[in-house]
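One structure below.
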Amino acid sequence: MPEVEVDSARLRSEIAAFYAGFGAPSELTAAFESSALLVPLTGPEDRVFTLESGGIAWLCAFTGIPEYARFMTARGVVADQEYRFHTFLGRRLREFAAAQPEPTGVAVDMLGAHPMTFPPDVSEDPADV
């Protein structure tokens, strides 16, 4: 299997800063948008993998193979099955999420030591309040 490298060191650094209590939202967002992330694919059409929680669909993205493997192991991988993924810039993931008909965010390194979410922009309808 070819070695896969993704450039997400800046994002991992900004996430660590948030967990340490001194992160800057604008720097975190910029790091996310410029980082290459692994995104699992599912089904015969190779659709991006999402999970739903609280009425929001979450695109799952990972800063590297170890984080992706940890997630897949927790989900109960089958040893002889192929697990496909694609590499996207965070900016493209955010654009894709925003274009979905339902609220969709991006979850980075779910089940990892430092998971981070980038929720969708959802405005309340004044009629619903």
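The values are calculated or read from the model by the stated rules, or taken from the named source; none is laboratory data. The structure presented is a predicted model; accordingly, all values stated were derived computationally and were not measured. With ideal geometry, Cβ positions are generated from the backbone for all residues, glycine too; neighbour counts draw on all protein chains shown.
Write out, first by first residue and then by second, each pair whose Cβ atoms fall under 8 Å of each other, whose residues are 6+ apart or on separate chains, and whose first residue, in region 106-117, is crowded, with 17+ Cβ neighbours inside 10 Å while the second is among the polar types (S, T, N, Q) and assigned to a strand (DSSP E or B). Sorted first by the residue in region 106-117, then by its partner, the pairs are VAL106/THR117; ALA107/THR117; VAL108/THR117. Restricting region 64-87 to residues that are under 14 Å from the mean Cα position of the chain (by Cα) and among the hydroxyl-bearing types (Ser, Thr, Tyr), the residue that is farthest from LEU111 (Cα to Cα) is THR87. A single member of GLU67, GLU95 is in a helix (DSSP H, G or I), modelled with pLDDT of 95 or more and of a type in the set (Asp, Glu), and it is GLU95. When the residues of region 8-63 are filtered to those that are crowded, with 17+ Cβ neighbours inside 10 Å and assigned to a helix (DSSP H, G or I), the one that is nearest to the chain's Cα centre (by Cα) is PHE32. The set of residues from region 86-103 being surrounded by fewer than 21 Cβ atoms within 10 Å (Cβ to Cβ) and within 23 Å of ARG12 (Cβ to Cβ) comprises HIS86, THR87, LEU89, ARG91, ARG92, GLU95, PHE96.
Restricting attention to region 37-75, the residues that are without any contact (Cβ under 8 Å) to a residue 24 or more places away in the chain and more than 19 Å from ALA99 (Cβ to Cβ) add up to 8.
Figure legend. Inter-residue proximity from region 18-29: first residues touching a residue at least 60 places away in the same chain (Cβ under 8 Å), second residues part of a loop (DSSP other than H, G, I, E, B), beta-carbon distance below 6 Å, spacing 6+ or different chains. Indicated pairs: TYR19/HIS114. Residue under question is PHE18, and the condition is that it be at pLDDT 90 or above and under 18 Å from ALA113 (Cβ atoms); does it hold? Taking the combined requirement at face value, the residue satisfies it. Hey, does region 72-90 have a residue that's touching a strand residue (DSSP E or B) at 6+ places or on another chain (Cβ under 9 Å) and part of a helix (DSSP H, G or I)? Checking region 72-90: at least one residue is touching a strand residue (DSSP E or B) at 6+ places or on another chain (Cβ under 9 Å) and part of a helix (DSSP H, G or I).
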